[in-house]
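Asks: Structure incoming, see below.
What follows is calculated from the coordinates using simple rules that are stated; it is not laboratory data. Note that the structure is predicted; figures quoted are calculated from it, not measured. Cβ: placed from backbone, ideal geometry, glycine included. Neighbour counts: every protein chain shown.
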Amino acid sequence: MAKKILVLMGGDSREREVSLKSGNAVLKALLELGYDARALDFTYENINEINKIKPDLAFMALHGKYGEDGCAQGYMELLRIPYTGSGVAASAVCMNKLLTKKMLRQAGLPSPDFLFFRKREYKINPPSAEKIAARLGLPLVIKAVSQGSSIGTFIVRKTEEILPAMAQAFELDDEVVAEKFIDGPLLTVTVLGNEEPWALPIIEIISSNDFYDYDSKYTEGASEHIIPSNISEALRKQVEAICLAAYKEAGCGGLARIDVMVDTNDNPYILEINTMPGMTATSLAPDAARAAGMSFNELVQLIIELSEEKPAD
């Protein structure tokens with residue numbers, strides 16, 4: 001009898017539409033691979049449907065809050081249902097940009113300099129934009145701590161733009177990071193595996209917009225994926241090494257995608273770790289897999305196999 005797999009997608013986050021695209025692409029692959037597969041739009045209203053369906057495996061195609069941040073993973077743990085991808089702890093840490101940066105710093109891995117702000121403190125005593133600019137330089141980046149797909153991310157080029165950008169970010173999150181802007185190539189590394197992970201070919205991203213924002217990621221033709229990337233062999237090895245180290249340090253499993261910026265002196269800096277990267281037609285992880293000679297269906301099959309060998313969180 002074919003394994004019963006339930007694709008969890010959609011959800012209640014701001015990345016819902018992208019998640020639906022990822023989930024439907026995965027569902028199509030699973031059916032073509034011969035699995036007894038169906039999908040569930042994982043929302044508050046139908047959360048109990050999972051226990052009624054009783055799948056052998058949950059294929060996680062959720063992006064953003066409640067799906068990529070450890071919440072859905074925790075629910076699967078309570079139901080004793082195996083699932084693809086990283087566990088509760090790794091998912092929670094990597095979704096939170098502040099926790100990710102602290103983890104990277106603790107491990108001695110490079111990440112851009114930053115300042116951290118909480119909404120309640122910001123409202124009582126707004127920070128000095130001049131002091132932020134003096135500390136991090138201009139341009140700088142404002143980020144909502146727990147949003148994905150570049151939602152709540154702003155490139156600030158003038159001192160007077162800092163506080164308005166922070167106010168916008170605070171509309172999406174109670175915590176905000178101001179980060180030093182790294183002016184150089186944007187690279188992304190897809191990592192697969194559990195105890196002994198490996199990296200797929202590095203992709204260099206060129207966006208038609210000011211930076212690799214939501215529209216660049218999910219609009220056909222809005223960005224270019226260069227494989228192999230236009231970097232030296234020495235830099236390639238260095239980027240792979242820090243990404244594999246970050247993957248292990250975070251305790252990731254199955255699949256993750258790690259974004260890296262390189263400065264003008266060829267120093268790489270890890271921006272973030274995506275534990276549930278997109279699986280759409282324009283997504284980076286499937287592109288990297290294709291560059292390694294792996295079809296989309298083969299990538300989906302491998303993710304399932306990796307979930308079967310990883311221990312419970």
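Asks: So what is the relative contact order of segment 1-103, in percent, for Cα pairs below 8 Å that sit 6 or more residues apart? Show your work: numbers first, answer last.
Replies: On the way: 171 pairs, mean separation 31.1, N = 103.
Relative contact order comes out at 30 percent.
Asks: Would you calculate a helix-derived [θ] at 222 nm for the chain, using -39,500 (n - 2.57) for each DSSP H run of n ≥ 4 and dividing by the full residue count, to the nearest 500?
Replies: Rounded to the nearest 500, it is -11000 deg cm²/dmol.
Asks: So how many Å³ per residue does the convex hull of the Cα atoms of the chain work out to?
Replies: Spelled out: Cα convex hull of the chain, divided by residues, is 129 Å³.
Asks: For a quick check: sort Glu161, Glu17, Glu68 by the number of other beta carbons within 10 angstrom, fewest at the front.
Replies: On the way: Glu161 18, Glu17 12, Glu68 28.
Ordered from fewest to most neighbouring Cβ atoms within 10 Å, Glu161, Glu17, Glu68 come out as Glu17, Glu161, Glu68.
Asks: Go ahead and run the numbers for FRET between Leu138 and Tyr44, Cβ-Cβ distance against an R0 of 51 Å, rounding to 0.05.
Replies: The pair Leu138/Tyr44 has a calculated efficiency of 0.75.
Asks: What length, rounded to one decimal in nm, is gained on full extension from Ser295 through to Glu171, with 0.36 nm per residue of separation minus their alpha-carbon distance? All intermediate terms of the calculation are to be shown ahead of the outcome.
Replies: Numbers: separation 124, 0.36 × 124 = 44.64 nm, distance 3.97 nm.
Result: 40.7 nm gained on full extension.
Asks: Okay, moving on. Along the three principal axes, how long is segment 4-84 when you take its alpha carbons, biggest first, rounded to the nearest angstrom?
Replies: So the three principal-axis extents are 31, 27, 20 Å.
Asks: A follow-up question, please. Can you give the charge dipole size of segment 114-180 about its Cα centre, rounded to the nearest 20 debye, using +1 on the beta carbon of Lys and Arg and -1 on the beta carbon of Asp and Glu?
Replies: Using Cβ point charges on Lys, Arg, Asp and Glu, segment 114-180 gives about 160 debye.
Asks: Another question, then. Which residue, chosen from Ser91, Val26, Pro110, occupies the Cα position most advanced towards the positive end of the dipole of the chain, where the dipole is computed from +1 (Lys, Arg) and -1 (Asp, Glu) charges on Cβ about the Cα centre?
Replies: Ser91
Asks: GNM, the chain, Cα, under 10 Å: largest mean-square fluctuation among Leu33, Leu109, Leu244?
Replies: Among Leu33, Leu109, Leu244, the largest GNM mean-square fluctuation belongs to Leu33.
Asks: Roughly what would the spin-label model give for Lys237 and Asn51, points 7 Å off Cα along C-beta, in nm?
Replies: The modelled label-to-label distance comes out at 5.4 nm.
Asks: Treating only the Cβ of Lys, Arg, Asp and Glu as charged (+1, +1, -1, -1), what charge dipole size does the chain show about its Cα centre? Round to the nearest 20 debye.
Replies: It comes to approximately 580 debye.
Asks: Under 15 Å between C-alpha atoms is the cut-off here; go through segment 1-156 and count lysine pairs that meet it, provided they're at least eight residues apart or on different chains.
Replies: 8
Asks: For Lys237, list the aspartates and glutamates whose Cα falls under 14 Å from its own Cα; do not include residues on the same chain fewer than 8 positions away.
Replies: In chain and number order, the partners are Asp266.
Asks: Rounded, prolate or oblate for segment 114-180? Axes are the square roots of the Cα gyration tensor eigenvalues, ordered a ≥ b ≥ c, and the cut-off for rounded is a/c under 1.5. Write down the numbers at each step before the final one.
Replies: Numbers: a/c = 1.75, a/b = 1.15, b/c = 1.52.
Oblate, since a/c reaches 1.5 and b/c is not below a/b.
Asks: Something else about it: Counting other C-beta atoms within 10 Å, which of Lys131, Lys180, Lys143 has the fewest, and how do the rest follow? If you can, show how the numbers build up before the last one.
Replies: Numbers: Lys131 12, Lys180 20, Lys143 26.
In order of increasing Cβ crowding within 10 Å: Lys131, Lys180, Lys143.
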